[in-house]
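See structure below.
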Amino acid sequence: MSETVIETVQLKKTYPGKVATPVLFGIDMQVAAGEFVAIIGQSGSGKSTLLNILGALDVPSEGLVKINGVDISTLTDDGLAVLRSQVVGFVFQAHFLLEELTCLENALLPISIRSGSATTAQTAWIGDLLHRVGLGEQLHKYPDTMSGGQNQRCAVVRALANQPKVVLADEPTGNLDSRSGEDVFRLMREMSAEIGVAFVMVTHDERLAGQADRTLLIEDGLMRQVGKRAGVAGAGQTGTDIYFPAQIAGK
Ligand code: ADP
Ligand code: MG
């Protein structure tokens, strides 16, 4: 059995306020190491709310959240900071690269923040990843001289810099045309397989969701599985795309 990197038990979220907004009514989900999971659901269904809670950017109203085997409600502020910077990587709809840093410097930033500066080996590794995602010519360019798709590919490499267990991606292709969106998606799939990092990707694009190992739908505050690719462990719907065994191999 492969290791579980995300587990929630009866996770509930209600935003307090004059009129409380109940959003999540009891989410039970598990993501295995290296797995690629897509989350779909209508606008306002609670996808970002869930991702923010999984990344410890927000807290649940009730229920258990375990990331990499640890109940995150037991973590101190320092423990939470480590979780957010080293265990989890984030990709948002906007790339949030720093305009005053080059592509390479942006991708290295999580390492620089963690260790003061990147080693030669770390710089070489990140440089290699950037080459492999088609940014070999862009290493020393600034974000405002790169395309939206190039910036987002750089943001994906940045999310991987500290070799997290899981990358949480909230509509990472939402600002891109379909071709660039597919490039970014393919890159995430390849990195997931190669580095053994799990991805949880929120998307509106059902075609991309259909290429994930599993697709989970949030509806009426609850979650259910609506798709599964051929060859992925367990019963369920089968997909028609090529199956990459490394993607679900436990690491
Ligand atoms: P999605 O990402 O699926 O579009 P969200 O998780 O952003 O949905 O929002 C789910 C619901 O929670 C929406 O009704 C939204 O208005 C509400 N909501 C989101 N964030 C807050 C907040 N900080 N305070 C109050 N309500 C919120
Ligand atoms: Mg959202």
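Here, each number is a calculation from the coordinates, and none is a lab measurement. All values reported here derive from a predicted model rather than from experimental measurement. Note that each Cβ is placed from the backbone with ideal geometry, even for glycine, and that neighbours are counted across all protein chains shown.
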Quiz item: Stretch D128-K18 to full length: gain in nm at 0.36 nm per residue minus the Cα-Cα span?
Solution: 34.5 nm
Quiz item: Based on the Cα gyration tensor of the stretch 1-132, what are the three equivalent ellipsoid semi-axes, each the root of five times an eigenvalue, rounded to whole Å and given largest first?
Solution: 31, 18, 16
Quiz item: What does the charge add up to near D78, with Lys and Arg as +1, Asp and Glu as -1, over the other residues with Cβ less than 14 Å from its Cβ?
Solution: +1
Practice problem: Sticking with the crude label model, points 7 Å out along Cα→Cβ, report the distance from V82 to E99 in nm, one decimal please. | Solution: 3.7 nm
Quiz item: Going highest first, how would you order 99-112, 52-65 by mean Cβ packing within 10 Å?
Solution: 99-112, 52-65
Quiz item: Expressed as an acute angle from 0 to 90° and rounded to the nearest 10, what is the orientation of the C-alpha long axis of helix 120-130 relative to the principal long axis of the chain?
Solution: 70 degrees
Quiz item: Excluding same-chain residues fewer than 8 positions from K165, which lysines have a Cα within less than 19 Å of its Cα?
Solution: K66, K251
Quiz prompt | Per residue Cα convex hull volume in Å³ - calculated over the stretch 104-244 | solution = 131 Å³
Quiz item: To the nearest 10 degrees, how steep is helix 103-115 against the longest Cα principal axis of the chain, on a 0 to 90 scale?
Solution: 70 degrees
Exercise. Starting with the highest mean, order 171-183, 75-87 by the number of other Cβ atoms within 10 Å, averaged over the residues of each peptide.
Key: 171-183, 75-87
Exercise. Would you mind ranking R114, R153 by Cβ crowding within 10 Å, fewest neighbours first?
Key: R114, R153
Quiz item: Angle, helix 148-160 long axis vs. longest principal axis of the chain, Cα atoms, 0 to 90°, nearest 10?
Solution: 80 degrees
Quiz item: Based on DSSP H runs of at least 4 residues, each adding -39500 (n - 2.57), what is the mean residue ellipticity at 222 nm of the chain after dividing by all its residues, to the nearest 500 deg cm²/dmol?
Solution: -8500 deg cm²/dmol
Quiz item: Exactly which chymotrypsin sites (Phe, Trp or Tyr not before Pro) in the stretch 57-133 are in a DSSP loop and have at most 10 other Cβ atoms within 10 Å?
Solution: none
Quiz item: Using mean Cβ contacts within 10 Å as the protection proxy, how do 129-136, 199-206 order, highest first?
Solution: 199-206, 129-136
Exercise. Apply the Debye scattering formula to the chain, with a single equal point scatterer on each alpha-carbon and no solvent, then give log10 I(q)/I(0) at q = 0.08, 0.12, 0.14 Å⁻¹.
Key: -0.30, -0.68, -0.94
